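Reviewing the structure listed below.
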Amino acid sequence: MKRCPSCEGTRHCRLSDGRLKCRACGHRFTWTSVWDSVHLPTATKHRLLDLFVLGVPSYRQRFGSTTSAASRERFYRLLRACCAQVEHLREPFEGAIECDRKGKRGWGAAGKVIVFGLVKRNGRVKAMPIPAHDRISIMREIDAHTREGALYCTDEWQAYATLKLRGEHVMIRKEKGRPVGRDHINGIEGFWSYAKNRLYPYRGVPRQYFHLYLAEVCYRHNHRGENLKPLIFSLLKQTSIQELRPTLVRKG
Ligand SMILES: [Zn+2]
């Protein structure tokens, strides 16, 4: 969607210099799709996308590839940022939601990144790195990504104590890290092992891009059972490189 960066308007006309002019506020802006912003031959981009869909990391393409490691990495970074943007904009969860966090032992090469995850009854996930293992960091994500009145299933960590003010709160007792009794929290456990398996082949994920890799994993999980090639291709065509820039590097 070509939105005016000033007023979000979607109606515009094209100026002779190629820029767009918003019909609502008159703002002139440049709109280049992420796909077009990458200056590689079209066939090469399709091949990189095919390999991405198959889950082949950039370093495994180093032999027999016509592209440099740097341009492959850049293309994949943009692609992951597109995933991050749609996953971030995915509407807040409601109903029964499992909440959990992971990372006291670190996530691979990313070191001590702490990840907070939410899983809906239908299996959709949201997961994001959090700056600290505390109540404030977790409640910030819960406020942003769930609707009030939801049914929260968590473990017994006391940081969740205020959840009952936001909705219903069910605490699941765990023994040796495994939930006891009902099958709650199993959804999120399933996602953690999915994410671990997905992130493992990437080996060293640079810390400043960890959020993009995590978003890729969420995107794949939320679209499992679908053909990713046409989905990601249209994502790359419909997202502008200008609006994507803030997503690329995590602030803070
Ligand atoms: Zn406008």
Q. Which shape class, rounded, prolate or oblate, goes with the chain when its Cα gyration tensor gives a ≥ b ≥ c as root eigenvalues, a/c under 1.5 marks rounded, and past that a/b bigger than b/c marks prolate?
A. oblate
Q. Put a dot 7 Å past each Cα toward the Cβ at residue 173 and residue 42; how far apart are the dots in nm?
A. 6.3
Q) Using alpha carbons only, how many degrees (0 to 90, rounded to 10) separate the axis of helix 42-53 from the longest principal axis of the chain? A) 10
Q. Among 205, 119, 53, whose mean-square fluctuation peaks in a Gaussian network model of the chain (Cα, cutoff 10 Å)?
A. 53
Q.
Using only the alpha-carbon atoms, how far is helix 210-222 inclined from the longest principal axis of the chain? Give it as 0 to 90 degrees, nearest 10.
A. 80
Q: Springs between alpha-carbon atoms under 10 Å, Gaussian network over the chain: tell me which of 161, 81, 215 tops the mean-square fluctuations.
A: 161
**Q.** Distance between modelled label sites at residue 143 and residue 24, nm, 7 Å Cα→Cβ extension
**A.** 2.7
Q: Kindly flag which residue pairs out of 164/196; 21/237; 21/229; 45/126; 120/237 have an alpha-carbon separation exceeding 25 Å in this structure.
A: 164/196; 21/229; 45/126; 120/237
Q: Grab the beta carbon distance between residue 227 and residue 66, set R0 = 22 Å, and tell me the FRET efficiency rounded to 0.05.
A: 0.30
Q. Which residues' amide hydrogens lie under 5 Å from the amide hydrogen of residue 169, considering only partners 5 or more residues apart or on another chain, with H built in the peptide plane?
A. 152
Q. Taking Cα atoms, how many degrees apart are the long axis of helix 69-89 and the longest axis of the chain, rounded to 10 and kept between 0 and 90?
A. 60
Q. For residue 164 and residue 207 in the same chain, what is the full-extension length gain: residue separation times 0.36 nm, less their Cα-Cα distance, in nm?
A. 12.1 nm
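Computed from the coordinates by the stated procedures, all read-outs in this text should not be read as laboratory data. None of the values given here were measured: they were computed from a predicted structure. Ideal geometry is used to build each Cβ from the backbone, glycine not excepted, and the neighbour counts take in all protein chains shown.
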